[in-house]
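Q: Here's a structure for you.
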Protein chains: 2
Amino acid sequence: MITGKNYIGSQLKASGSKTFKTFNPQLNEENPWVFTEATPDEIDETVALANNAYKVYKNCTGTEKAAFLNAIADEIMALGDELLAVYCAESGFPKGRAEGERGRTILQLRSFADMVAEGNWVEATIDTALPERQPIPKIDLRKMLVPFGPVVVFGASNFPFAYSTAGGDTASALAAGCPVIVKSHSMHVGTGEMVASAVIKAAQKTNMPEGVFSNLNGGGVVVGGSLVRHPLVKGVGFTGSIKGGRALFDLASQRPEPIPVFAEMGSINPVVLLPQAIEQKSASWATAYAGSITLGTGQFCTNPGLLLGIKSDALSSFVTQLSEEIEKISPSCMLHPTILKNFTNGKKELQQQDGVRTVAEIKSEIAPNYAAQTVLVVNGKTFLENTRLHQEVFGPFSLIVECENEAELIAIIEKLEGQLTGTIIAEEAEIINYTGVIAALQNRVGRLIFNGVPTGAEVCPSMLHGGPYPASSDSRFTAVGIHAVKRWVRPVSYQNWPNALLPAELQDDNPLGISRLVNNKQTI
Amino acid sequence: MITGKNYIGSQLKASGSKTFKTFNPQLNEENPWVFTEATPDEIDETVALANNAYKVYKNCTGTEKAAFLNAIADEIMALGDELLAVYCAESGFPKGRAEGERGRTILQLRSFADMVAEGNWVEATIDTALPERQPIPKIDLRKMLVPFGPVVVFGASNFPFAYSTAGGDTASALAAGCPVIVKSHSMHVGTGEMVASAVIKAAQKTNMPEGVFSNLNGGGVVVGGSLVRHPLVKGVGFTGSIKGGRALFDLASQRPEPIPVFAEMGSINPVVLLPQAIEQKSASWATAYAGSITLGTGQFCTNPGLLLGIKSDALSSFVTQLSEEIEKISPSCMLHPTILKNFTNGKKELQQQDGVRTVAEIKSEIAPNYAAQTVLVVNGKTFLENTRLHQEVFGPFSLIVECENEAELIAIIEKLEGQLTGTIIAEEAEIINYTGVIAALQNRVGRLIFNGVPTGAEVCPSMLHGGPYPASSDSRFTAVGIHAVKRWVRPVSYQNWPNALLPAELQDDNPLGISRLVNNKQTI
């Protein structure tokens, strides 16, 4: 079923000579499939197809796009257990995670299908003419969002389904009306090809134009770089490291025609532990955070990598309890030997910094590619002065900072880089005394959480998955939830345009029955 | 009344030694006032003040911000005729234009005041909890737009009021809740200082924090560059040339923390003249376009610099009529000798290209700094092959392209760079035959106009002033209309947040009575 070839539109092609394989971290051996990297000619052909598809696909109705998105979900489900097996072989994740992530992917596709079927998302805005206005008549003006062109999506290592081939970036771009070219993540190309086959089948069943979706393989950075530089590509979605995201952002910004890149990158997701909560519910928070730190072997962008508290006996007990809980949990497998290597090196670098103590670390012998979860402690002053300690260690890891007082806690929050999430653990009675802490945290994060864990990002309209740089490359957008569509669209105005020639969304009689802003009043 | 100093918050300071003057193009002599460029220390002080102001100003209510914006409008009006006189002395524009542009500026300020007083603009989105959901409970999640920090605004040469000191960028950023630092345009620094004094007075009368607004002078690129590179600056608004806008975009993209730049830059605003319209209404369109080409000495970003028609006798008659109308109009003054020089050189460069004919050009002797309006003609093939002919000539200038047929017309439109506007001149009966032309044009522009002229950009929610690069640096936003606020805000989500601590916009009982998306249904 896995051919190792590229999907150039619906055609499987592999004219290149560069090949590579994926790796099974649980078995600690290469997977059997051989993948062929896309050639420069194949890349050109793919982008040209996407650009042609754009001219047709942008005009598809919401109903047509919804049928396509729902068909993708159906076809992914139709791949059944074989898809889950390949996913597990290329990620080391257990089958339960594969099922859960597949469910999330399906939910995302169907959410965007519902959104385009309903149609409100285009932000239709109408200002009718006032021919009698003095000194000059007011024109008729109408505005709505339209797709801006072919989008390149880079799959994420840690979400082979939900943030990859048919994940949130792809679903949102297809919902917008933009054709998608996926650069498959090199760690799970087989999973990618299978999901791509589902998208292609769905496109054919729902009569979508050839080139509306393609899937290219590449082992290094060449294929991705060529795609981002291609003049007909108009936007980029990426989930991964700061280094990778920034490189693509720089490439895109330096083009003769710069294009938007939405890169969801690093985050250490600070958690503030307020005194009363730690005093009263130390044990339950220790258990919850031991679970959150190690969930998915810590391979979440929302992994809580930084716990901030104010020095006290209660905080010391919490540290002890968390350490015990952490050491009780069985180590689990990482996605790939290089991910494990980065984890081990990153952790070591922090352990070697002055003033850092290791309070929990699995020492027993563990299986190849399994990660030894670790918790470190440092005082506030040291953390404030040493920005190396602010760096993300991707994996089951957290650094606890014992602050001298509230002022130091606020100073630390203000010095942090942008984050996806910020969490406050507090008793309701005490939180009112910490408005300075909350204000500082709000300014640094995309999502504020009260008495919970940051792992998990609900798929719903109110989700903001993004944040100030480097959590994301543009804090004005989200990667999760239906508003993620706004990354791939631009507004267009129609001035004194004949009613019959207007898009249905803007016509006088509102044939789609959508919510519109008419003469500055929201109508439903 | 004009001191020549910088407004660092409410303080007038001029510790630097670099000075410069503005120029009166009508009198062809320097204006009397001496302006002092801001020093690096003054720039640092200004940004630090803005950053402190941000912490307070971001929490101001819509009512408070509306009072501030309305007070700015009041204080500008209170400057009376003296302000108009300085405007005219620094721009060469007549008093009627000064009054008109002041009116537009006031309208913009009051539109944003109304927007924040009403409060719907924050896109409040609420998803309530489902504690019983399986397999895991649904959390409560709420999202709204918040200001992202101090914004630097660069004034435009051609709109000393409406796109400068207290123009659309400043009004939208202040409405968002972002403090503003204006880098005053060097051609109208006196006008800028007077308007700045009005903003400062308004800030004091409405108890805004010190540093919510500053106004810095600079003769070259040093002050602007330092502002854009400053780590505490979080966004940039610019209106001007492609060269200037791109330079700022590059600076901002290359920062350790890249920041968004909304630059509204060049556009030649293609106008498509369909055959029947030209046959039936040649004279009236010739008159309308002679007026649009020369309006404000052609110094509009929406000036119609490119007229596209299909070869016919009717088109030839239109060319003759337009040429006659153009030559009937008295030449007028440009903003500055350097603007005139760029106009003359740009025009000459195009006139010297192979295959280009000059069909209208004022030849009689004209006053210093006055521009000789010009119309050129070229055939479609030559235009298609020579992209130099696609360049903007800023001033009273237009190039008519005689296409061989519709296919060539479409090919030309597809090859154009991004544009602010695209216009179709047509009889209603014929437009249905040109859907390919319309589709091509829609893909290249921000605003489509039917049977009108592109000059003039109505201030209303449906306006899109922007477009694909290089019309603007990010086609996803507008510079005109209330939605311009979206350039300076980011969404923030609150997860399971205590109701009493939520911003009013997101509280259960909707105390502000705003329109919100609740569980994916729009409510009013």
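Q: How big is the Kirkwood radius of the range B:19-140, worked out from every pair of different alpha carbons and given in Å to one decimal?
A: 19.0
Q: For the protein assembly as shown, divide the Cα radius of gyration by the Kirkwood radius and give the resulting Rg/Rh value with two decimals.
A: With Rg and the Kirkwood Rh in hand, the quotient comes to 0.98.
Q: With solvent modelled as a 1.4 Å probe, how much accessible area in total do chains A and B shield from it at their shared surface, in Å² to the nearest 100?
A: 6300
Q: Report the accessible area of A:ARG229, computed with a 1.4 Å probe over the heavy atoms of all protein chains in place, in Å² rounded to the nearest 10.
A: For A:ARG229, the solvent-accessible surface is approximately 130 Å².
Q: Next question, about the same structure. What residues qualify as long-range amide H neighbours of A:THR239, i.e. H under 5 Å apart, gap of 5 or more or another chain, H built at 1.01 Å from N?
A: Amide H neighbours of A:THR239: A:PHE154, A:GLU264.
Q: For the range A:352-404, what Kirkwood radius comes out of the mean inverse Cα-Cα distance, in Å?
A: About 12.1 Å for the range A:352-404.
Q: Then there is this: Rounded to the nearest 500, what is chain A's calculated 222 nm mean residue ellipticity when only DSSP H runs of at least 4 contribute -39500 (n - 2.57) each, over all residues?
A: Only helices count here, giving -11500 deg cm²/dmol.
Q: Below 20 Å, Cα to Cα, which lysines can B:LYS521 reach? Residues fewer than 8 away in the same chain don't count.
A: The qualifying lysines are A:LYS486, A:LYS521, B:LYS138, B:LYS143.
Q: Sorted from shortest, what are the nm distances separating the label point of B:PRO498 from equivalent points in the other copies, each placed 7 Å from Cα along Cα to C-beta?
A: Sorted ascending, the copy-to-copy spacings read 6.2 nm.
Q: When a/c reaches 1.5 or more, the comparison of a/b and b/c decides; with that in mind, is chain B rounded, prolate or oblate per its Cα gyration tensor?
A: Oblate shape, in that a/c is at least 1.5 and b/c is the bigger or equal ratio.
Q: Next question, about the same structure. If amide hydrogens are placed 1.01 Å from N in the peptide plane, which non-local residues have theirs closer than 5 Å to the one on A:ASN31?
A: Answer set, sorted by chain and number: A:THR22, A:PHE23, A:ASN24.
Q: Evaluate peptide A:123-130: per residue, the Cβ atoms of other protein chains within 10 Å of its Cβ; return the mean as an integer.
A: Averaged over the peptide's residues, the number is 3.
Q: Counting only pairs 8 or more residues apart or on different chains, how many lysine pairs in the range B:270-450 have their Cα atoms under 28 Å apart?
A: The result is 21.
Q: Per-residue counts of other Cβ atoms within 10 Å, averaged by peptide: what ranking do you get for A:26-34, A:446-454, A:381-389, highest first?
A: Highest-to-lowest ranking by the protection proxy: A:446-454, A:381-389, A:26-34.
Q: List, shortest first and in nm to one decimal, how far the label point of A:GLY456 (7 Å from Cα along Cα→Cβ) is from its counterparts in the other copies.
A: Here A:GLY456 shows inter-copy label distances of 5.7 nm.
Q: Please express the shape of the range B:270-450 as an equivalent ellipsoid: the semi-axes are the square roots of 5 times the eigenvalues of the C-alpha gyration tensor, given largest first in whole angstrom.
A: 26, 17, 15
Q: Distances in nm, one decimal, shortest first, from B:ALA129 to the same residue in every other copy, taking the label point 7 angstrom along Cα→Cβ.
A: Result for B:ALA129, in nm, nearest copy first: 5.4.
Q: Moving to a separate point now. With all protein chains present, calculate the accessible area of A:VAL228 using a 1.4 Å probe and round the result to the nearest 10 Å².
A: 0
Q: Could you run the Karplus curve 6.51 cos²θ - 1.76 cosθ + 1.60 with θ = phi - 60° over the range A:6-14 and give me ³J(HN,Hα) per residue in whole Hz, x for Gly and Pro?
A: 8, 8, 9, x, 8, 8, 8, 9, 7
Q: Could I ask something else about it? What does the highest-first list of A:461-469, A:133-141 look like by mean Cβ count within 10 Å?
A: A:461-469, A:133-141
Q: Ok, one more. For the rotation taking chain B to chain A, which residue of B has the Cβ nearest the axis, and how many Å away is it?
A: Closest Cβ to the B-to-A rotation axis, residue and whole-Å distance: B:SER253, 2.
The values are calculated or read from the model by the stated rules, or taken from the named source; none is laboratory data. In this text, all values refer to a predicted model and were calculated from it rather than measured experimentally. Cβ atoms come from the backbone with ideal geometry, glycine included; neighbour counts cover every protein chain shown. Only protein heavy atoms, including side chains, enter the accessible area calculation; ligands, DNA and RNA are left aside. Shrake-Rupley method; radii C 1.70, N 1.55, O 1.52, S 1.80 Å.
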